[in-house]
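Report on the structure given below.
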Amino acid sequence: MFFVDQDVEKESDGEPMPKIVDPDEKRREILDAAIRTFAKHGMRGTSLARVAKAAGMGKSSLYHYFETREELFSALANEILRHEADLFRSLAAQEGTPRHRLRTLVDGITALFDDWAAAGPILIDFLGEPKGKKRLARTLDAAREAIAEIVRDGQRAGEFRRGAPDAMATILLACIDGLFLQELVQPGSTEGAARGRLLRDLLEQGVLAPPADEG
């Protein structure tokens, strides 16, 4: 579905020409501009006018998609959380042994720390919203379940140690989230731990089954 934007272009003869836009694509452009603006100015310092300027569009055109700053902020936070949950699920569903899948998930998530740094302040602000905590909890549940599924598969294959998969997944997720929080507060502080083999090795040692002669 397409519609005519209120922003117009001019033909060669100077007459205004309506600009046809794809609303889904335009909405993505707005959200991309919004994450930069909210990350820089915070919830209090961000206005629809600022977002519209960052998106290269008029404020009146922005109203086609979001009527208030709060509506835009909520949509942005929900989009970030939806993407995070989908990422955990897709990484956990990769082919290979459970050990390989765990490595793939850890590498895939920590590789995005720099990109997620812009989203961190937004999610912190979102926690203060009426539905923010419940919405964030759903994403954590999805991430935890994705990890727990790897753990269950690893236990069935005899690769991972016995124990409650959900509890083990909670600890693994806490390690990843804890590193992200450190990176958010102190950019660059997790470079050696999160971007190399150390994090993978430590997490693996925590879940791998002990050798047969130690069982």
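The values are calculated or read from the model by the stated rules, or taken from the named source; none is laboratory data. Note that the structure is predicted; figures quoted are calculated from it, not measured. Here the Cβ positions follow ideal geometry from the backbone for every residue, glycine too, while neighbour counts run over all protein chains shown.
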### Message
Tell me yes or no: at least one residue of segment 46-67 is outside the structural domain of Phe160 (by TED's automatic domain parsing) and of a type in the set (Val, Ile, Thr).
### Response
yes
### Task
May I ask you to list the residues in segment 183-194 that are surrounded by fewer than 16 Cβ atoms within 10 Å (Cβ to Cβ), of a type outside the set (Gly, Ala, Ser) and either part of a helix (DSSP H, G or I) or at positive phi (or both)?
Val185, Glu191
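The rows are residues; the columns are (1) farther than 19 Å from Gln205 by Cα; (2) of a type in the set (D, E, K, R); (3) in contact (Cβ under 8 Å) with a residue 24 or more places away in the chain; (4) part of a loop (DSSP other than H, G, I, E, B).
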residue	(1), (2), (3), (4)
Thr104	no, no, no, no
Ile124	yes, no, no, no
Lys134	yes, yes, no, no
Ala137	yes, no, no, no
Leu140	yes, no, yes, no
Ile150	no, no, yes, no
Ala167	no, no, no, no
#### Entry: Filtered residue count, segment 122-154, keeping only those that are surrounded by 17 or more Cβ atoms within 10 Å (Cβ to Cβ), more than 12 Å from Arg89 (Cα to Cα) and within 14 Å of the chain's Cα centre (by Cα)
5
